[in-house]
Structures are given as structure tokens and as C-alpha cells.
Amino acid sequence: MATSDIIILDGGMGHLLRRKGIEVKGELGSSERFLGVAMANIEQPSIVQEAHEEYLKAGAQVITTNSYACVPSIVGNDERTIEVIRAAGKIARAAADKYPGAMVAGSLPPLHESYRPDRVGSDAENIKEYRLIAEAIAPFSDVLLCETMSCAREAAAAAKAASVTGKPVWVSWALSDDSSGNLVSGETVEEAVKVLDLKKGGPVAACLFNCSLPECVDLALPKLQKLVPKGIATGAYANGFCGGGISEYRADLSPQMYAHRCQQWARGGSRILGGCCGVFPEHIVAVCHTCISEDGIMGGA
């Protein structure tokens, strides 16, 4: 991708919705933490659309559906899951369609707790549930985003299910906080990439890291940039947590500091940049200002 092809993602939806009064409770990564956020798609859709539009106004070119918690283990049976996912898709599509050129990324999240490779189910369970999610969200999406994948097997199952829809697939892994540059599972970036069998023109169009400390992305992203075949984009949307998966937002990650991090990732060759939990519209404004100038070229230091 040329420098002018930088794509700006949104930030964390669940945490922005909490700012707007939607209940978020429970431990970070737990299944129940974002139940209220999932149900807001049905119970308070105007607030969800308002949040999407805040990111679009901030400069995001891609918004992710508010369906991270819309999985059977959280919202209930398959019928209920499909209902909530479709509601999320309709809201995101309505928001994006108000902004020419904006795209929707349909979320394929962990099926159980986040950051817990030990809670990843069997291959049969993963394929079944990811197909259900992919088929429900695809009609509203421009790309399908397999995100916060904690191990290679989880990502492979999500990507396989997503590819059946014919939509471009983006795969995004979560990194360990231990400064190894490895996945949460301990697997290396090389191992994660190998399982996907990437090739130009294949279903997976981009490989990313998300909901990880920016410092860990710094370590892992250069490896990813070297490993992916030509034609496969790379990028990251890190979080603003204090680390360890047990704390809330860090005080030292100002919008300007986060934008500088994204700029460094772009200079390394990555072209898909945004934020995850704890990264808000003000951060996305700064990322746009720092990484993209008025003519679409990466800004200065």
C-alpha cells in the first residue's frame, strides 16, 4: 500500500459507550463484562450509533460493529445471538453510510473470555459458532475482522469461517504483556502467521495486533511486517490499559503520545491504524492529524 493508503480505524466502542452511561462491569476480559454493551444494540441503538459517529467525526474511515460481546456464551442461544449481531450491523451500517467512503468491519471476537487461550473451544465448536457470527454480520460489513485472537488456532478457525462469506478478512491477535513479542498463548508471531497460510489474493487481506500494550506492539509489529507476503496489509490498534489485564486506563497515554506510536508503526510499513479499549475519539483525532496530512500523506514528526 502506498503511504497515501493509510486506513484509520475507530477506537474502543465498549469504553466509549460506558462514557455515555452504558453499564460495563466485571473483570477485564470476562464474559459478562460487556453484556450491557451488547444489549445496547437492541435497547439503546441511538446511543450506539452516536458512538460510531463520534469516531467517524474524529476521522475514522472504518468502524467496527458493536458486537464484540454478541456471542452465545454471553447473550444466550443462537437465535438471540443472531438478533443482537444483526442489530449491531444495522446500526454500524447506518452510521457509516452517512460518511462517504466509510467502511464497516464486522467483528468476530473471542467466543469466551478475552486473553484466555485456555478457554478457546474445540475446532468443531469454533467453526460452528464463528460461521453463525460471520453469516449474521457479513451483510452489513465491508470486511470481517477476527479480533483479539489469543492463539493461532482460534484465529485460524475465525478466519476460515469468515472466508466463506466472500468478504475480505482481517486477522488481529492479542499480545502477551511480558515483552516477549509473542501472542497471549506464548506462540510466536511466526507460528501464528504460518497457520493462516497467507497468500496474495487469498481471503486474509490484513494481519494486525489489537487490545495489546503499545510497547508490546512495538516489539511484535516489525516481525509481522517481515513475515506477511506482499499484498497483505499490516497494522495495529492497541489499548490504553495499564497492563496485566487487571487495571484500567493508563495516565501516560495521551492522544498525542498514542498518535506518535501509530506514526512509528506507519513508518515501519503498517497502514491500518486505530485504537482498542481505552483509546477514545480524541486519540483518533490525534492519529489522523499526525499520520495523515490534508493530501493523505503521512504527517511529520
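Some points to look at:
- Within the option set A87, A152, being open to solvent by 10 Å² or more (accessible area, probe 1.4 Å) and in contact with a helix residue (DSSP H, G or I) (Cβ under 7 Å, 6 or more places away or on another chain) holds for one residue only, A87.
- Extreme residue, surrounded by the most Cβ atoms within 10 Å (Cβ to Cβ), among residues of the stretch 90-118 that are assigned to a helix (DSSP H, G or I) and hydrophobic (A, V, I, L, M, F, W, C): A92
- For the stretch 150-174, the set of residues classified as without any contact (Cβ under 8 Å) to a residue 40 or more places away in the chain and not in a loop (DSSP other than H, G, I, E, B) consists of A157, K160, V169, V171, W173, listed by residue number.
Every residue, every condition in (1) at pLDDT 95 or above; (2) in a helix (DSSP H, G or I); (3) over 24 Å from K20 (Cβ atoms), yes or no:
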position	(1), (2), (3)
E215	yes, yes, yes
D218	yes, yes, yes
E282	yes, yes, no
V287	yes, yes, no
S293	no, no, yes
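- Of residues in the stretch 194-212 being part of a loop (DSSP other than H, G, I, E, B) and touching a Lys or Arg at 6+ places or on another chain (Cβ under 9 Å), the one farthest from S114 (Cα to Cα): K200
- Residue in the stretch 38-48 that is farthest from F280 (Cα to Cα), counting only those that are open to solvent by 10 Å² or more (accessible area, probe 1.4 Å) and of a type in the set (A, V, I, L, M): I42
- Within the stretch 260-276, the residues that satisfy the criterion of being without any contact (Cβ under 8 Å) to a residue 40 or more places away in the chain and in contact with a strand residue (DSSP E or B) (Cβ under 9 Å, 6 or more places away or on another chain) are C262, Q263.
- Here the condition is being within 19 Å of I284 (Cβ to Cβ), at pLDDT 95 or above and assigned to a loop (DSSP other than H, G, I, E, B); of A51, A60, it holds for A60 alone.
- Each residue in the stretch 61-116 was checked for being among the hydroxyl-bearing types (S, T, Y) and touching a residue at least 60 places away in the same chain (Cβ under 8 Å), and 6 of them qualify.
- Odd one out for Y249, checked against (1) at pLDDT below 95; (2) crowded, with 20+ Cβ neighbours inside 10 Å: (2)
- From D177, D197, residue being open to solvent by 40 Å² or more (accessible area, probe 1.4 Å), of a type in the set (D, E, K, R) and without any contact (Cβ under 8 Å) to a residue 60 or more places away in the chain: D197
- Complete set of residues in the stretch 155-174 that are open to solvent by 10 Å² or more (accessible area, probe 1.4 Å) and of a type outside the set (A, V, I, L, M, F, W, C): K160, S163, T165, G166, K167, P168
- Residue in the stretch 158-177 that is modelled with pLDDT under 95 and more than 15 Å from the chain's Cα centre (by Cα) present: yes
The values are calculated or read from the model by the stated rules, or taken from the named source; none is laboratory data. Because the structure is a prediction, the values reported are computed rather than measured. Every residue, glycine as well, gets a Cβ built from its backbone with ideal geometry; the counts of neighbours run over all protein chains shown. Surface areas here come from the heavy atoms of the whole protein model, side chains and all, with no ligands, DNA or RNA. Shrake-Rupley method; radii C 1.70, N 1.55, O 1.52, S 1.80 Å.
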